[in-house]
Amino acid sequence: MAVVEVKKKKHIYWAEINRPDSNNSIDFEVMDMLEKLLDEMEKNNHIRVLVFSGAGQDYFVSGGNIKAFSSLKTEEEGREMASRMASILERLENNRFWTLACVNGEVYGGGCELLLAFDFAIASKTATFAFTQSRLGIPPGWGGVTRLVERVGRSRALEWLGSNQTISSDDALQTGLINKLSITSELRRNTWEWALELSRVEPDLIEELKKGSKYALDAPRDESLKRELDQFARFWGTNQHHEKVADYLARSRK
């Protein structure tokens, strides 16, 4: 059985980490599977949504596999491992399809860093979150500090990173760590319905919306506004836009 199982339907890939013996933790084998999955998706121009979940109801992702990584002793070895996973998360973040985390259970350490790389997240009401890296005497290394500060602000990020406190699903929702909550029994159905809704947007527009939102964070405001206008005009002149307008007008006449 694959450690990352993938189901494909319509414009959606649903990937699930299936490592119950290690609480759905990430090791080199999982990295291999994620890289292969991204390679495949990046060659498929029809994919619009990637959903990612954990098998079962106990764990989404429990972080990096401490046993597997314990043989890495030197600074260089640690950097190589972290750089590889950070690259995977950057690919998830910057690709031309939506990414949606279906958080089915507990999330620890590197699992939280993985979660932060997704565009959206829906969680079971029973899910909990904890940034546990400092228990091992290390900061996050897969981009978790940067993305957490962007998501919830510096003060709250420092509190969570320094305290190892357990974050409830309600607190995760209120602070913006996740987008939606669901009762456990309906989580997968609600996730699928959201994925279907997201899949209505074409990949080129998904790519532009993601690029534009990042540009707005990094660039001076006037430059971001100018870029937004330029991209609007570019999309306005496409056949894709004209066809959708014609379809809308035809339906409105009925």
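Once you keep just the Cα pairs under 8 angstrom separated by 6 or more residues, what percentage relative contact order results for region 73-160?
Reported relative contact order: 28 percent.
Only four residue types carry charge here, +1 at the Cβ of Lys and Arg and -1 at the Cβ of Asp and Glu. Report the dipole size of region 13-99 about the Cα centre in Debye, rounded to the nearest 20.
Taking the Cα centre of region 13-99 as origin, the dipole is about 240 debye.
Under a cut-off of 16 Å between alpha-carbon atoms, report the lysines in cross-link reach of LYS214, not counting same-chain residues fewer than 8 places apart.
By straight Cα distance, LYS214 reaches LYS226.
Once you charge only the Cβ atoms, +1 for Lys and Arg and -1 for Asp and Glu, what is the size of the charge dipole of the chain about its Cα centre, to the nearest 20 debye?
For the chain, the charge dipole is close to 860 debye.
In whole angstrom, note down how far apart the Cα centers of region 113-144 and region 52-106 are.
Their Cα centres are 9 Å away from one another.
Compute the normalised compactness of region 87-225: alpha-carbon radius of gyration over 2.2 N^0.38 Å, N being the residue count.
In units of the 2.2 N^0.38 Å rule of thumb, it is 1.09.
With no solvent and one equal point scatterer placed on each C-alpha of region 137-182, evaluate the Debye formula and give log10 I(q)/I(0) for q = 0.27, 0.29 Å⁻¹, two decimals.
With no solvent term, the Cα-only Debye profile gives -1.09, -1.18.
Can you tell which of THR74, ILE122, GLY56 lies farthest toward the positive end of the dipole of the chain, using +1 and -1 charges on the Cβ of basic and acidic side chains (Lys, Arg; Asp, Glu)?
ILE122
Remind me, what semi-axes does the chain give for its equivalent ellipsoid, largest first in whole Å, using sqrt of 5 times each Cα gyration tensor eigenvalue?
Equivalent ellipsoid of the chain: 33, 21, 19 Å, largest first.
Setting aside same-chain residues fewer than 8 positions from LYS36, which aspartates and glutamates have a Cα under 18 Å from its Cα?
Within the straight-line cut-off, LYS36 pairs with GLU5, GLU16, ASP27, GLU90, GLU93.
Round to a whole number: what % of the accessible area of region 1-158 belongs to carbon and sulfur, probe 1.4 Å?
Reported share for carbon and sulfur atoms: 49 percent.
Taking square-rooted eigenvalues a ≥ b ≥ c of the alpha carbon gyration tensor, is region 50-123 rounded, prolate or oblate, where a/c under 1.5 means rounded and, failing that, a/b exceeding b/c means prolate?
oblate
Hey, what's the chain come to in accessible area per residue, 1.4 Å probe, Å²?
Computed with neighbouring chains in place, this is 55 Å² per residue.
What residues qualify as long-range amide H neighbours of GLY64, i.e. H under 5 Å apart, gap of 5 or more or another chain, H built at 1.01 Å from N?
ILE26, GLY110, GLY111
When the Kirkwood hydrodynamic radius is evaluated over all pairs of different C-alpha atoms of region 1-61, what value in angstrom, to one decimal, is obtained?
12.0
At a probe radius of 1.4 Å, what is the per-residue accessible area of HIS46, in Å² to the nearest 10?
It works out to around 130 Å².
From the residues PHE235, ASN190, TYR215, which one has its Cα farthest along the dipole of region 184-254 in the positive direction, the dipole being from +1 and -1 charges on Cβ of Lys/Arg and Asp/Glu about the Cα centre?
With unit charges placed on the Cβ atoms, the residue in question is ASN190.
If one takes the longest principal axis of the Cα atoms in the chain, at what angle in degrees, from 0 to 90 and to the nearest 10, does the Cα axis of helix 187-198 lie?
40
So which lysines can LYS254 reach, going by Cα to Cα under 26 Å and dropping same-chain residues fewer than 8 places off?
LYS244
With contacts defined as alpha carbon pairs under 8 Å and 6 or more residues apart, what's the relative contact order of the chain in percent?
After rounding, I find 17 percent.
The values are calculated or read from the model by the stated rules, or taken from the named source; none is laboratory data. Small disclaimer: the values here were computed from a predicted structure and weren't measured. So basically every Cβ, Gly included, is an ideal-geometry build from the backbone, and we count neighbours across all protein chains shown. These area figures cover heavy atoms from the full protein model, side chains too; ligands, DNA and RNA do not enter into them. Shrake-Rupley method; radii C 1.70, N 1.55, O 1.52, S 1.80 Å.
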